[in-house]
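The values are calculated or read from the model by the stated rules, or taken from the named source; none is laboratory data. Note that this is a predicted model, so its numbers are computed, not measured. Ideal geometry is used to build each Cβ from the backbone, glycine not excepted, and the neighbour counts take in all protein chains shown.
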Amino acid sequence: MVSLKSNGIVKKSLKVIKSSYTGWLFIMPMILGTILFCAIPFVQSFILAFMDYDMMRPPQWIGIENFKAIFTVDFREVWGSFRITFIYAFISIPVTMFLSYFLALLLNRKIPGMMFFRVLIYLPCIIPPIASAIVWKDIFAPQIGIMNRIVQAFGLPASDWLSSASSALMTIIFMSFWGLGGGMILWLAAFKNIPVDLYEAASLDGASKLRQIFSITIPMSSAMIFYNLINGVIGSMQMFGSFLITDNGGRGPDNSLYFISVRIYQEAFVSFNMGYASALAWILFFVIACMSALLFKHSKWVFYGEDM
Amino acid sequence: MNKIVKMALCGALSFSFAFAAAGCFKSYENPGANIAVDANISKDYAGEITVATGAGYIADMRSVIEEFNKEYPNIKVNTQAQPDLSESILRWHNADLSKPGSCPDIFLNEGQMWVSLREGEILKDLTPYVNASFENGTLDKEDIVPEIWRLGKDGYKEDGNQYFIPTNYDQFVAIINTTILTQLGIPLPDKDWTWTECVEILRRVKDGYNDLVSNSLPWSQTGIPATMSLQSDAMMYAMYKSFGVEFFDENNQPIFDNANTRKAMEFMKSLVTAGYCNPNLELPIASGQVAIQFQSRPAIVDMQEESPQAEFPETGYFTVNDIDIWPMPVMDVEGSSGQTYVGGGTIGYAMYSRTDEPNAAWAFLRFLISEKAYEVYGSGKNIPILKSMQEDENALWRKLPREGMYQEAFISYPERFTPASFHMGMPSKIRSEIYNIMIQMNLDGIKGTKGIDETIADAVKKVNYQLSRV
């Protein structure tokens, strides 16, 4: 009976594959890539989270010891990293979103040379992170950096920027504006999808430009706002950029830039504590998943096209 | 259709789980475990080995291999270069566990990661090879500088076995821009100068800078007389030791909360607050903008004949003729221990524990510290670890970056040689954290971020927390 049933399934599967094998072939590289580079490491990191593994000797099963250490003896330190990451996320996401939205509104006009400004603002996004890290390091170099020369030209005192614990996080947040062009391009794409007749009707009804922004542009691009918000949360919570531009192993002065992703990296590849790092990575995954779920739960304000 | 997709998904997940679990729980054999030690293989021995080195060393390594093949023509030596060897070694090792032969037989040990690699049983114990080579005369024990040789030994483990072969000798020196001192009318110090004399020179340079700002000379623009690298482990640890400070006892307990640490910190802080150096600013001597740089050999060996960026209006471009080398000053500051310690270190090469060609690999390692190898390796950039080559007045290393410099400064007073090893005895899981805590403590102390007492207490607290984790 069982073999008859499984024979039926195999036959049915073969039939489905036969009828659409070209499609299967097309998606095969994607499926293989997902299994090799996502599914296997995903499962492996979950197993390693319950092991003591230094990447040199065979791993030893230790149960929930890694999680226990994170929530007891290491809690203060780990929370410190989460706190820095949350501060970064809560400041950089809204400010970056607002500024890129504002820029997109400015650049969504039909005036000569607008393309040049769009390219100019988008340009930083195509510069490799290593190259931009070197530039930022130079800009914020204490004493001789360009930024200090600028602030001193205005009669303000020079700052240590990335070299001081009190200013390092704000400097990193300021640097996140470098990627405004990426968000701006998405907003512009969203604006292009808003039917022009809505604006015409609003104009006929006497709505001002500001009113049109609040009543048409923002609601009609809310799906893109939501998409950028989700992406911003995921990206900010995985912030790793400080690793490229600060000393102290990417932790910054007095661990002021010790983002949770930097901590995971340090634990895994500097302290060779891969099991512990895997446990931390799963906690981060859980936090990001919760934040995303919360955002989805409160996303009734988002307007998708099919609702029309 | 839905059922089939679900089954495919389920199958893929099960496969991933099985594959991942198999990778986590597998045990492995060592293919080279039973190969007998032969520290003097015959010249016609045939084999193939791979040497992994840093990208910056690959050209030199190929020249050494060419020389090596004149002695051992049948040993094929391949090379691999990686910018970050530490991570690569772990990757290679894990690949080798599944497919023996995937990891290079010899690799560069640049940083202090070798202690972790030794603990992880990735490094082969070279002691039998070293002892056999000393006995059969292929290595001359008396000719090797002991201060460097011991860095390849595991002094942090009771057995003290040899785990890597150091290939160069390097220690901090004072590189002085003699043109700046001469133009400011400051006499050049004696070779056995003291920190008190050094501070006086820095004061005069600082005052001279202030007088000369109107001249707009490039070297007066920063107003900082020296680059001291006080934030570097090698410099700061030697300074603390000179004040009689040890960071940890033999049981890894912190013992630095004392008056000597405060005195050392006060001294370094006084250099910063007086404006003689800036711990945030690593201005190299080659910029032509600092009078003194305390650094090790890499700071000068690649110096170009001329540096168009650093132009002296009165004397033309900054050149290597503007600098000379002095030994580090003798510690004579009030409150110091009266003994001088100077930061130093080495790089070297180790053998992979699972190599199936240990004897051929040893022949190559031994060759790396031979006279023939030094003639080509680094073309004089590296200071040999052989006394005979160090003392040779015509040795290649004495000619870089120019002849006539006081190169003796690099090898003088070997008894002062002090590697930054304060964290090496710590358990591997907290070693890097301990290292960072101590570096941060020093930085906070000398920059005055917090009060010195608070800085030290904070560091003790952090160290104790890390110790509680193991």
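Results, tabulated for the structure shown:
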| read-out | value |
| --- | --- |
| Members of region B:409-418 that are assigned to a helix (DSSP H, G or I) and over 15 Å from the mean Cα position of the chain (by Cα) | B:ALA409, B:ILE411, B:PRO414, B:GLU415, B:ARG416 |
| Residue tally, condition surrounded by fewer than 19 Cβ atoms within 10 Å (Cβ to Cβ), at the interface with chain B (Cβ under 7 Å from one of its Cβ atoms) and of a type in the set (D, E, K, R), over region A:34-71 | 1 |
| Of the criteria (1) part of a helix (DSSP H, G or I); (2) more than 22 Å from the chain's Cα centre (by Cα); (3) farther than 30 Å from B:ASN40 by Cα, which one B:THR449 fails | (1) |
| A:TRP24 vs. criteria modelled with pLDDT of 90 or more and outside the structural domain of A:TRP282 (by TED's automatic domain parsing) | no |
| Of all residues making up region A:249-308, the number that are more than 14 Å from chain B (Cβ to nearest Cβ), basic (Lys, Arg) and not in a helix (DSSP H, G or I) | 1 |
| Residue within region B:191-204 that is hydrophobic (A, V, I, L, M, F, W, C) and assigned to a loop (DSSP other than H, G, I, E, B) present | yes |
| Any chance B:THR53 is surrounded by 17 or more Cβ atoms within 10 Å (Cβ to Cβ), of a type in the set (S, T, N, Q) and under 30 Å from A:TYR53 (Cα atoms) | yes |
| Breaking point among (1) polar (S, T, N, Q); (2) modelled with pLDDT under 90; (3) assigned to a strand (DSSP E or B), for B:ASN40 | (3) |
| Number of the condition not met by A:VAL270 [criteria: (1) at pLDDT 90 or above; (2) closer than 17 Å to A:SER81 by Cβ; (3) aliphatic (A, V, I, L, M)] | (1) |
| Total residues in region B:4-34, condition more than 7 Å from chain A (Cβ to nearest Cβ), modelled with pLDDT under 70 and in a helix (DSSP H, G or I) | 3 |
| Among the candidates B:ILE411, B:ILE437, residue that is within 14 Å of another protein chain (Cβ to nearest Cβ) and closer than 27 Å to B:PRO279 by Cα | B:ILE437 |
| Positions within region B:397-439 being aliphatic (A, V, I, L, M) and modelled with pLDDT of 85 or more, in sequence order | B:MET405, B:ALA409, B:ILE411, B:ALA420, B:MET424, B:MET426, B:ILE430, B:ILE434, B:ILE437, B:MET438, B:ILE439 |
| Options A:ALA153, A:ALA141; residue that is surrounded by fewer than 16 Cβ atoms within 10 Å (Cβ to Cβ), under 24 Å from B:ILE224 (Cα atoms) and of a type in the set (A, V, I, L, M) | A:ALA153 |
| Selected residue (only one of B:ILE89, B:ILE176 is away from chain A (no Cβ under 13 Å), of a type in the set (A, V, I, L, M, F, W, C) and surrounded by 18 or more Cβ atoms within 10 Å (Cβ to Cβ)) | B:ILE176 |
| Qualifying residue in region A:208-231 (condition: more than 14 Å from chain B (Cβ to nearest Cβ), surrounded by fewer than 17 Cβ atoms within 10 Å (Cβ to Cβ), small (Gly, Ala, Ser) and not in a helix (DSSP H, G or I)) | yes |
| Residues that are touching a strand residue (DSSP E or B) at 6+ places or on another chain (Cβ under 8 Å), outside any strand (DSSP E or B) and either of a type in the set (A, V, I, L, M, F, W, C) or at pLDDT 95 or above (or both), drawn from region B:52-68 | B:ALA55, B:ILE58, B:MET61, B:ILE65, B:PHE68 |
| Some residue of region A:266-278 being without any contact (Cβ under 8 Å) to a residue 24 or more places away in the chain, of a type in the set (S, T, N, Q) and in contact with a Ser or Thr (Cβ under 6 Å, 6 or more places away or on another chain) | yes |
| Sole exception among (1) more than 20 Å from A:ILE87 (Cβ to Cβ); (2) at pLDDT below 90 for A:ARG251, by number | (1) |
| Test for A:ARG149: is it modelled with pLDDT under 85, assigned to a helix (DSSP H, G or I) and more than 16 Å from A:TRP178 (Cβ to Cβ) | yes |
| Scan of region B:102-127 for residues that are away from chain A (no Cβ under 11 Å), touching a strand residue (DSSP E or B) at 6+ places or on another chain (Cβ under 9 Å) and either assigned to a helix (DSSP H, G or I) or under 17 Å from B:GLU48 (Cβ atoms) (or both), ordered by number | B:CYS103, B:PRO104, B:ASP105, B:ILE106, B:PHE107, B:TRP114, B:THR127 |
| Any chance A:ILE87 is within 25 Å of the chain's Cα centre (by Cα), more than 9 Å from chain B (Cβ to nearest Cβ) and either surrounded by fewer than 16 Cβ atoms within 10 Å (Cβ to Cβ) or at pLDDT below 90 (or both) | yes |
| Count of region B:419-442 residues which are in a helix (DSSP H, G or I), of a type outside the set (Lys, Arg) and within 20 Å of the chain's Cα centre (by Cα) | 11 |
| B:PRO419, sole failed condition from (1) surrounded by 17 or more Cβ atoms within 10 Å (Cβ to Cβ); (2) facing chain A (nearest Cβ under 10 Å) | (2) |
| Output for region A:72-84, where each listed residue is within 14 Å of chain B (Cβ to nearest Cβ), part of a helix (DSSP H, G or I) and surrounded by 15 or more Cβ atoms within 10 Å (Cβ to Cβ) | A:GLU77, A:VAL78, A:GLY80, A:SER81 |
| Condition check for B:VAL130: modelled with pLDDT under 85, in a helix (DSSP H, G or I) and of a type in the set (A, V, I, L, M, F, W, C) | no |
| Condition met for A:SER236 (part of a helix (DSSP H, G or I), surrounded by 18 or more Cβ atoms within 10 Å (Cβ to Cβ) and not aliphatic (A, V, I, L, M)) | yes |
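Quick grid of which residues meet (1) surrounded by 24 or more Cβ atoms within 10 Å (Cβ to Cβ); (2) under 24 Å from A:PRO41 (Cα atoms):
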| site | (1), (2) |
| --- | --- |
| A:ASN255 | no, no |
| A:PHE259 | yes, yes |
| A:PHE272 | yes, yes |
| A:TYR276 | yes, yes |
| A:CYS290 | no, yes |
| A:LEU295 | no, no |
| A:TYR304 | no, no |
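Residues checked against (1) over 18 Å from the mean Cα position of the chain (by Cα); (2) outside any helix (DSSP H, G or I); (3) in contact (Cβ under 8 Å) with a residue 60 or more places away in the chain:
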residue: A:LEU123; (1), (2), (3): yes, no, no
residue: A:TRP136; (1), (2), (3): yes, no, yes
residue: A:ILE144; (1), (2), (3): yes, yes, no
residue: A:GLY155; (1), (2), (3): yes, yes, no
residue: A:LEU169; (1), (2), (3): no, no, yes
residue: A:TRP178; (1), (2), (3): no, no, no
residue: A:ILE185; (1), (2), (3): no, no, yes
residue: A:PHE191; (1), (2), (3): yes, no, yes
residue: A:GLU200; (1), (2), (3): yes, no, no
